[in-house]
């Protein structure tokens, strides 16, 4: 079992990264949120999970070991493989998945591509009692610190690193914020803003 990898990022793609570890390039599949933190030429460490099949060995990587834990647990559900588990973590954070299980929230899970109501119900049924309790974060209200406006640039840089030009990335982020009725991106909203911007951009590259 390859539990983690530390090396130099050589290529960042839409759904994967190539990590050079001691001269060996490892292809690692990851969520947009994890890929957004990686930059070509920089060092990176990922918690990993190796899926072995008769005809292949596939690595999945996570910036947070907690994501890997949820990735493993979700696959204990009958009919849920690594690709669907990764898709769940692309749409929801590990904590949000735990919340959905605790609240038996079918609607939340059906937001994941490939998860219909029946599959969602099976996931909730089979995961009941298997996951740790979610962390409840209480909002403090009040104005957003000015420093958090840097998160907008973080999302734009992530999109550029995934292959879109800066103008297209900026326009996509503006569209997402306009639809949400917001003017800035706060740290906690970076993953959801990135996912929404990817949907706006679709498969177009510039």
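Derivation of every value follows stated rules applied to the coordinates shown; laboratory data play no part. Predicted model, so just to flag it, every value in this text is computed and none were measured. Cβ coordinates were reconstructed from backbone atoms using ideal geometry, including for glycine residues, and neighbour counts include every protein chain displayed.
Observations on the model:
- For the chain: relative contact order, % (alpha-carbon pairs under 8 angstrom, 6 or more apart): 16
- Listed from fewest to most Cβ neighbours within 10 Å, the set 127, 27 follows the order 27, 127.
- Within a Gaussian network of the chain (alpha carbon springs, distance under 10 Å), most fluctuating of 16, 45, 78: 78
- Residues of region 86-105 with amide N under 20 Å of the 7 Å Cα→Cβ point at residue 128: 96-105
- Relative contact order (percent, whole number), region 1-100, Cα cutoff 8 Å, 6+ residue spacing: 23
- Structure remark: mean-square fluctuation, Gaussian network model of the chain, C-alpha springs under 10 Å; the largest value among 169, 36, 44 belongs to 44.
- Theoretical ellipticity at 222 nm over the chain - DSSP helices of four or more residues, -39500 (n - 2.57) apiece, nearest 500: -12500 deg cm²/dmol
- Choice from 99, 57, 88 with maximal GNM fluctuation in the chain (Cα, 10 Å cutoff): 57
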